[in-house]
Amino acid sequence: MKYYNFRSRSLFSGPHLLGVLFIAAGIVAIAGNAIFEGDSSLEKSIYIGVAAILLGITIVSSYNGTKIEFTENRVRDYISILGYQFGEWKDLPNVKRIAVMPVKHRTTHTPNGISPTWSGTVHAYKVFLYSDNPTPVYSFLFSDRENALKTGKILSEKLSAVYELREP
């Protein structure tokens, strides 16, 4: 394994949900003209539908991430849009310790017209990368315990760092 790539994306929340809605609206715009009788032309419906689908695909394909390259000992935080990653490489600080711990926090979603408005307690797991300071240099959030443990072990092995599992 030459590098580790952490992607932060959720298809059914925030702007990604908006992208899914644009794709659905584009399909309805194209198919709607064939199903419903209306005054709009087929060309106009196709143009609007294709534009909405392309915009939706662009939104859905975008996400943030962090890539760690082990051979060069460097890291970059990036934004990916349509598969192209934009971000600057930096030297990775000397990581001495990797800690995996469960985190629990309360979330409240405010009404915005797009996302559901539920609230509740979220149980997740974080992988922290520590150098000499008590403050982590990087952290990665996982919803699944097994993925967090696996990532912590891989990173500790590749970065020659101490692996630590903190359970409550």
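How charged is the neighbourhood of Ile68? Take every other residue with its Cβ under 9 Å from the Cβ of Ile68, and add Lys/Arg as +1 and Asp/Glu as -1. Kindly include the intermediate steps, with their values, before the conclusion.
Working: positive: Lys67, Arg74, Arg76, Lys158; negative: Glu69.
With Lys, Arg at +1 and Asp, Glu at -1, the neighbours total +3.
For the chain, excluding the exposed loop sites themselves (trypsin sites (Lys or Arg not before Pro), DSSP loop, at most 16 other Cβ atoms within 10 Å), the longest remaining stretch covers 10-95. Which angle from 0 to 90°, rounded to the nearest 10, does the C-alpha axis of helix 42-60 make with the longest principal axis of the chain? It works out to around 10 degrees.
What does the charge count near Phe86 come to, summing +1 for each Lys or Arg and -1 for each Asp or Glu among other residues with Cβ under 15 Å from its Cβ? Don't jump to the answer; show the numbers that get you there.
On the way: positive: Arg7, Lys67, Arg76, Lys90; negative: Asp77, Glu88.
That works out to +2.
For the chain, the longest piece that avoids every one of the GluC sites (Glu not before Pro) found in DSSP loops with at most 16 other C-beta atoms within 10 Å covers 89-168.
For the chain, with every protein chain kept in place, what is the accessible area per residue (1.4 Å probe, Å²)?
Working: 10820 Å² over 168 residues.
Value returned for the chain: 64 Å² of accessible area per residue.
Loop exposure criterion: chymotrypsin sites (Phe, Trp or Tyr not before Pro), DSSP state outside H, G, I, E and B, at most 14 other Cβ atoms within 10 Å. Applied to the chain, the longest stretch between such sites is 37-88. Rank Val50, Leu21, Val103 by how far each Cα sits towards the positive end of the charge dipole of the chain (+1 on Lys, Arg Cβ; -1 on Asp, Glu Cβ) and give me just the farthest. Checking the options against the dipole of the chain, the answer is Val103.
Look at [x] 26; [y] 47; [z] 50: the one that is percent of Cα pairs over 25 Å apart derived from this structure is [z]. So what's the angle, to the nearest 10 degrees on a 0 to 90 scale, between helix 145-158 and the longest Cα principal axis of the chain? Once rounded, one gets 50 degrees.
The values are calculated or read from the model by the stated rules, or taken from the named source; none is laboratory data. Keep in mind that what you see is a predicted model, and the values were worked out from it rather than measured. We place every Cβ from the backbone using ideal geometry, glycine too, and count neighbours over all the protein chains shown. For accessibility, only protein heavy atoms count, side chains too; no ligands or nucleic acids. Shrake-Rupley method; radii C 1.70, N 1.55, O 1.52, S 1.80 Å.
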